[in-house]
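The block underneath contains the structure these notes are about, expressed in C-alpha cells.
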Amino acid sequence: MIEVNEFLVQLNNAHQNGIFVVGATTHLNMIDDAVKRPGRFDKKLFVGPPDLEARIDAFKTHLKNKPQNITKWLYLGEETENYTFAEIQFVVDEAARIVAGAKKQFIDLNDLMKVIMQNPCQIHQYFGSV
C-alpha cells in the first residue's frame, strides 16, 4: 500500500508540474482502484491485440535471424488470433529453446504449433471474452 500511496503522490505532483502522464497495462484488474478513479487517468483507450497481418509480421520479425523453414505464414497468423506481440515473441523464443535442446537444425511449423497449443493467448483472462 505504501507504493500505491507514493505513486499517487507522484502522479498528483506530475499534474501540478504540467507533466502529462500516460499509463499502459495488460492487467487492468490488478490496478488499485485509487489509481483508476476519475481525475487520475481520465481517458481510457483499449488497444486490442494485433490483427492477422501484424501477427504474421511479428512472427517474421522474431524468426528473421533464427534458422527456420516456415512457409505457412497465413496459417500461423490464423492460429494465433488474439495473441499479443509479447505472446508471439514467447512462442518463437520457446520454440527456439526446444529446437536447440533437441539439436535440430531448423524451427519448423510443428515446433511453433506445439508451443501455441501449450500456451493459449491470455487476453480472455484479463478482459473476458473479446
Q) Between the range 1-54 and the range 71-100, what is the C-alpha centre distance in whole Å? A) 29 Å
Q. For the range 1-25, list residues with backbone N below 18 Å from a point placed 7 Å from the Cα of Asp33 toward its Cβ?
A. 1-2, 4-5, 8
Q) What are the residues whose amide H is under 5 Å from the amide H of Gln68, where those residues sit 5 or more places off or on another chain and H is modelled from the backbone? A) Ile107
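In what order do Leu52, Leu112 fall by count of nearby beta-carbon atoms within 10 Å, going from fewest to most?
Working: Leu52 12, Leu112 26.
With the fewest neighbours first, Leu52, Leu112 line up as Leu52, Leu112.
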Q. Could you name the lysines in cross-link range of Lys114, using Cα to Cα under 26 Å and dropping any fewer than eight places away on the same chain?
A. Lys60, Lys64, Lys66, Lys72, Lys103, Lys104
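Longest span of the chain, sites excluded, free of trypsin sites (Lys or Arg not before Pro) in DSSP loop with at most 10 other C-beta atoms within 10 Å? Write down the numbers at each step before the final one.
Values: sites that count: Lys43, Lys44, Lys64, Lys103.
Segment 1-42 is the longest.
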Q.
Taking the square root of 5 times each eigenvalue of the Cα gyration tensor, what semi-axes in Å does the equivalent ellipsoid of the chain have, largest first?
A. 39, 15, 14
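Which translational diffusion coefficient, to the nearest whole µm²/s, is obtained for the range 50-115 from the Stokes-Einstein equation, given a Kirkwood hydrodynamic radius over C-alpha pairs, 4 °C and 1.567 mPa s? Numbers along the way, then the final one.
On the way: Rh = 11.6 Å.
Rounded to a whole number, D works out at 111 µm²/s.
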Q. Using 1/(1 + (r/R0)^6) with R0 = 35 angstrom and r between the beta carbons of Lys104 and Asp51, what's the FRET efficiency to the nearest 0.05?
A. 0.65
Q. So who's got an amide H within less than 5 Å of the one on Gln122, skipping anything under 5 residues away but keeping other chains? H placed 1.01 Å off N, in plane.
A. Thr84
Q. Between Asp57, Asp33, Asp111, which gets the highest mean-square fluctuation from a Gaussian network model of the chain, Cα cutoff 10 Å?
A. Asp33
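Every read-out reported here was derived from the displayed coordinates using simple, explicitly stated rules and does not represent laboratory data. All values derive from a computational prediction rather than experimental measurement. Cβ sites come from the backbone with ideal geometry, for glycine too, and all protein chains shown count toward neighbours.
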